[in-house]
Amino acid sequence: MAFIMRAYKKNKALLLGLVVLLSGLSGHGYADDRFVKIEQAQLTLAENKAQLRADVIFQLSRSAQDALHSGIPLYWDVSIELKQVRWGGLWWSVLFSHVRRYRLAYYTLLNNYRVKDEKKDEIRRFSSLQEALTYMGKIAYDDISVTGYDAKLCIIGVLNVSFDKEMLPAPLRPIAYFESEWDLSAAERLWCE
């Protein structure tokens, strides 16, 4: 016991610093919709076809804008899943699942922003950052085939927008995990149609 007390007296400042650090980190590990927010999502069903529309508001923090203008591309995964409960809630039947991966980059020489849909390998150019973010936020799926669903039960739509911090350069990654300026994901949105 005497050893612990001596160590405590010598390392008071270290322990105090550790407590302050841990209390400062609490609450930063989740998406709080500060920068990216799912504003609305709507699913329309007609026979065995579905149509999905969603609006996501993308905003970049000052740190993310600085990184983008320094030549670091930013990546988001937008996943959409339509599912229905089966066997009294024991499991889910997935009717539709799709992930879009967006890459946002700034090209200094041409002074434009580019959004690349990684799945389709499509690139769109924009003269302003706001135009690029607005384009990324318009989610639309037409003629989704949803065969084998029970018309008496609702179809659960799940929309998730997550920022991929692993694609950041290695020196920036630790900062992105602990700084709220890099919480560029949106909380998952569920709705029933």
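The values are calculated or read from the model by the stated rules, or taken from the named source; none is laboratory data. Note that the coordinates shown come from a computational prediction; the quantities given were computed from them, not determined experimentally. Note that we place each Cβ from the backbone using ideal geometry, even for glycine, and neighbour counts take in every protein chain shown. What goes into the accessible areas is simple: the full protein's heavy atoms, side chains included, and nothing from ligands, DNA or RNA. Shrake-Rupley method; radii C 1.70, N 1.55, O 1.52, S 1.80 Å.
Phi-derived couplings, Karplus 6.51 cos²θ - 1.76 cosθ + 1.60 at θ = phi - 60°, listed residue by residue for segment 174-182: x, 5, 5, 6, 10, 9, 5, 5, 9 Hz, with x used for Gly and Pro. Simple spin-label estimate for Ser70 and Ser128 gives 2.6 nm between the two label positions (7 Å along the Cα-to-Cβ direction from each Cα). A cut-off of 5 Å between modelled amide H atoms, ignoring neighbours fewer than 5 places along the same chain, links Trp191 with Gly157. Remark: segment 160-167, residue by residue, has Karplus-estimated 3J(HN,Hα) of 9, 10, 10, 7, 8, 6, 5, 7 Hz, where x stands for each Gly or Pro and the curve is 6.51 cos²θ - 1.76 cosθ + 1.60 at θ = phi - 60°. Here the accessible area is traced with a 1.4 Å probe on the protein chains. For segment 80-192, carbon and sulfur cover 53 percent of it.
Extension gain, Ala151 to Tyr177, is 5.1 nm, computed as 0.36 nm per intervening residue step minus the present C-alpha separation. Among Lys152, Lys138, the sequence by solvent-accessible area, most first, with a 1.4 Å probe is Lys152, Lys138.
Basic side chains Lys and Arg get +1 at the Cβ, acidic Asp and Glu get -1 at the Cβ, and with that the dipole of segment 34-150 about its Cα centre reaches some 300 debye.
What's the local net charge at Gly157, with K and R +1, D and E -1, over the other residues with C-beta under 13 Å away? Taking every Cβ under 13 Å from that of Gly157, the sum is 0. Within a straight-line Cα-Cα reach of under 15 Å, Lys119 can be paired with the following aspartates and glutamates, leaving aside sequence neighbours fewer than 8 residues apart in one chain: Asp77. Ordered from longest to shortest, the equivalent ellipsoid semi-axes for segment 103-193 are 32, 20, 11 Å, each the square root of 5 times a Cα gyration tensor eigenvalue.
Report note on the peptides 92-100, 78-86: ranked by the mean count of other C-beta atoms within 10 Å, highest first, their order is 78-86, 92-100. Accessible area per residue (1.4 Å probe, heavy atoms of protein chains only) ranks Asp121, Asp183, Asp55 as Asp121, Asp55, Asp183, with the largest value leading.
Annotation: extensible slack from Asn111 through Trp191 equals 24.8 nm (criterion: 0.36 nm per residue apart, minus Cα-Cα distance). Heavy-atom accessible surface of segment 113-166, averaged per residue, reaches 55 Å², computed with a 1.4 Å probe.
Phi angles of segment 73-79 translate, via the Karplus equation with coefficients 6.51, -1.76, 1.60 and θ = phi - 60°, into HN-Hα couplings of x, 10, 10, 10, 10, 10, 10 Hz per residue; Gly and Pro are given as x.
Can you give the log10 of the normalised intensity I(q)/I(0) at q = 0.18 Å⁻¹, computed with Debye over equal Cα scatterers of segment 50-134? Here log10 of I(q) over I(0) equals -0.83.
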